[in-house]
Each structure stands twice: as C-alpha cells, then as structure tokens.
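For reference, the structure is listed below as structure tokens.
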Amino acid sequence: MTSENKAPASGSIVVVGGGISGLTTALEAAEVGYDVYLLEKNPYLGGRVAQLNQYFPKLCPPTCGLEINFRRIKDNPRIKVFTLAEVEKVEGAPGNYDVTIKLNPRYVNEKCTCCGACSDACETEISDDYNFGMTTRKGAYMPFEMAFPARYVVSPQIIGTEDAQKANAACKYDAIDLEMQAKSMTIQAGAIVWATGWEPYDASKIDNLGFGQYDNIITNMMVERLAAPNGPTKGKILRPSDSKEPQSVAFVQCAGSRDENHLPYCSYICCMASLKQATYIRERCPDADIYIFYIDLRAPGDRYEKFYKKIKEDKKVFFVKGKVAEVVEDSTTRQVTVVAENAVTGEKTRQTVDLVVLATGMQPTAAKVKLPADLKYNADGFILNDYEKGGMFAAGCANKPADVVSSNQNATGMALKAIQTLARK
C-alpha cells in the first residue's frame, strides 16, 4: 500500500511562451531548484509587454521589469532559452512527457556583437510587425534595443538574395550563417506550462468601425508603439495621414469585445488601456480634447478605480456612454466622425475628431491555431486548466484575459502547480 506505482517524474519543466507570464513561470520554478526549458516562437523574449510604452500599476516602461527578468535568466543556469522555437508534438503523461520542438534558423550565431553592420549593408525593407506594420525594417535587424537574446536576426524573406550576401560580407565576426537549417529536438519534462499569450483582435473584421479603410483610425496597441520612445515616431502621437499632432481624439471602447459577432467576452484590459493612453495624449498634445465612447467602464480594484477618478477630473476628457454605430472619415479634411447613440440622453451624437483609437479586444493565441497537445479549450479559445489530471497548465492570457499584474500572479501559481506534478503531490 505504500509503494509508489506512478511513472517516475522528470525533474524538468517546459514553459511555452516567453512573454511576461512565461518569464515569471520559468524564473519562479528555476529559482527554487527546477530545470526549465523556456520556448519562444519569436526571436526575442518579452511578448506583448515588450511592445508597450507603459504598464500598470506604476505607469513605468516595460524595459524596467524586463531588464530585471532578463538578468535573472542570464544568471540562472537552470533556465535554457530557445527562441524561434515551436512545439510540434507532445506525448506522454503527467510526470513523463516527450516534447518535440522545431528550432527555426536565425541565420546569426552567438558570435554576434550587435554592431549593426549587417543591417547597414541591407537594402531590402520589410514590414515591421513589432510596430504593427507602421514602419519597415531591414532584412537583417535587431528586434528592439533591449531584445534578449542580444543578437541580430536575418529575415527568411531575404535568404537566397543578393542582400543576404551583402549582410554576410559586411559582418567582421563571422556571425552570419546563411546555411543554417531548421532542426528538431525532443525534451523530456515532467510538466508543461502553456504561456502562449494573446493577439490583438483583428479590427479590420469590424466593418462599421473603419479600420483598414481610413488612415486616421488606429488600434490601442498601435498607440502604445506611437507613444513609446523606440516606436515609429519616437514617442510622438501623430495622425498617420499627415504626421500632425491631433487636436482631438476619440477612443471607441469594446471594439470587437462583448459582441456576439466577434469576441463575446469582456477583454478586461481595454478600459484601463484607454484611460492610460489618454494620459499619453494629454502629455504630448496638451490642448487636445479626448472623447471616450463606452458601454460600461470597468476599473477592477481600488488602484484602478482611483486612476479612473483622476482621469474623470480632467476637463479635457469627455466620457460618452453609448455604443458606437459607425466611424467614417471625410476624404477632404481627413477628420473622422464617430456616430453613437448617447445611452444617457437618448440622442444620436456625431463627434468629429482628428484621430480615432479602437480599443480592440484580447484574443488568445490558441484561438487561431490549436496547440499540439491534449488540452481543453472553452468556446473562445482559452485553455481550460484540468487540475485533477495535472501535468499541463495554462498561465496568464492563455487561460483568461488579464493585465500584467494578474498575469504575474497567475504565472506564479502555475509554476507551483508544475512543481507539484514533479513532486508527485
């Protein structure tokens, strides 16, 4: 009766996703003595947080927290990081998994000194998804200034071209390897934490809000990049049509969220993101009027409620309770008109502004492409945690919409669940 009949547990944990939830999970597990394999599909760690200008609750730049986490990873030999890594297959049971991963080529090896000569030699410009296509980047590039690992990337789009050869010839350190090939490897692990994060909902699917049809309608994540010092405008919030500072801005809340035709749930972060971004505009364009069109404003918790009250006191910020029916742009002035029914007065309102920001919702990455493992999902693509079965767990926004603080707390809990699987408790 006292004999142990379970399969022997592997002493390692695989964390899939190198955003804030994945970083937290990996560090919490490694710093109490467990080996961790941290897998990230991008060529850098940091996820969505790395794209932000500031985050709650302190309104500090994400580089602050990321720098600390990157240092902790560098100093911890128990964490093995694989970027450009994709999970191809998971076999086994809790305590004893075989995880097959594909490592895509970076075409740059560990000899890279980040001198930038390869980028300077390149002439090809490709769309920069880090800045949501608002800028282009060279075919050989550094993802962003503080990227970890600190190493350039050669885009697969220029492999086999003359530009790739130019980049190779410009490197003095023999750091570029154009012959790199994708390879597969298998990792043994006792537990897996899926921290696969989220995608901004595709605003072009919301026909009546005009994104993709008119230049001066952008999304909340695009505002984050515009406001960021390393963004496409070096921190200036400018109208895409003419690069001028807007004198009026409208935020359209629940753009795709709480809508049975798009995302039926509340994305949790959108209200606070717009309130935060209102502070960006007030700092950079102090004379601008700001209009926030909302169904309900949700400020979860005491600190967020206080922040909301502070914004309400600003005489340049106007709140309009009403669902937006349509957003259209004047082809001559390039101004944008927001049409909504005021739920308080019952009147149909038309507000013309220089710039419209759509507070697009948060969609789990797994909603688009299901993960190659025996996982359960809800109707919206969020991974459901089966604690009774154990072994595999979803952390952060892979499990539910969450802000950075909540994601960190949840990730710590999932690290503990993974450890409990290894300890067979």
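Here is a yes/no grid of residues against (1) in a strand (DSSP E or B); (2) modelled with pLDDT of 95 or more:
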position: 320; (1), (2): yes, yes
position: 327; (1), (2): yes, yes
position: 339; (1), (2): yes, yes
position: 343; (1), (2): no, no
position: 359; (1), (2): yes, yes
position: 366; (1), (2): no, no
position: 410; (1), (2): no, yes
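Quick check, is residue 293 aromatic (Phe, Trp, Tyr), under 28 Å from the mean Cα position of the chain (by Cα) and open to solvent by 30 Å² or more (accessible area, probe 1.4 Å)? So residue 293 does not fit the description; no. For residue 323, indicate whether it is open to solvent by 10 Å² or more (accessible area, probe 1.4 Å) and in contact with a strand residue (DSSP E or B) (Cβ under 8 Å, 6 or more places away or on another chain). In short, yes.
For residue 280, the conditions (1) open to solvent by 20 Å² or more (accessible area, probe 1.4 Å); (2) assigned to a helix (DSSP H, G or I); (3) aromatic (Phe, Trp, Tyr) are fulfilled apart from (1). The residue that is nearest to residue 372 (Cα to Cα), counting only those in the range 78-106 that are of a type in the set (Ser, Thr, Tyr) and buried (at least 20 other Cβ atoms within 10 Å of the Cβ), is 97. Does the range 310-318 contain any residue that is among the aromatic types (Phe, Trp, Tyr), buried (at least 17 other Cβ atoms within 10 Å of the Cβ) and at negative phi? Among the residues of the range 310-318, not one is among the aromatic types (Phe, Trp, Tyr), buried (at least 17 other Cβ atoms within 10 Å of the Cβ) and at negative phi, which makes the answer no. Residues in the range 8-19: is at least one of a type outside the set (Lys, Arg), modelled with pLDDT under 95 and touching a helix residue (DSSP H, G or I) at 6+ places or on another chain (Cβ under 7 Å)? Taking every residue of the range 8-19 in turn, at least one turns out to be of a type outside the set (Lys, Arg), modelled with pLDDT under 95 and touching a helix residue (DSSP H, G or I) at 6+ places or on another chain (Cβ under 7 Å). Among the numbered conditions (1) modelled with pLDDT of 95 or more; (2) buried (at least 20 other Cβ atoms within 10 Å of the Cβ); (3) within 29 Å of residue 369 (Cα to Cα), the only one that residue 34 does not meet is (3). Provide a single number: the residues in the range 222-231 that are in contact with a Phe, Trp or Tyr (Cβ under 9 Å, 6 or more places away or on another chain) and surrounded by fewer than 21 Cβ atoms within 10 Å (Cβ to Cβ). The total comes to 1.
The values are calculated or read from the model by the stated rules, or taken from the named source; none is laboratory data. Predicted, not measured: the structure shown is a model, and the values here were computed from it. Positions of Cβ are backbone-derived with ideal geometry, glycine not excepted, and every protein chain shown enters the neighbour counts. Each accessible area value is taken on the protein alone, full model and side chains, heavy atoms only, with ligands, DNA and RNA left out. Shrake-Rupley method; radii C 1.70, N 1.55, O 1.52, S 1.80 Å.
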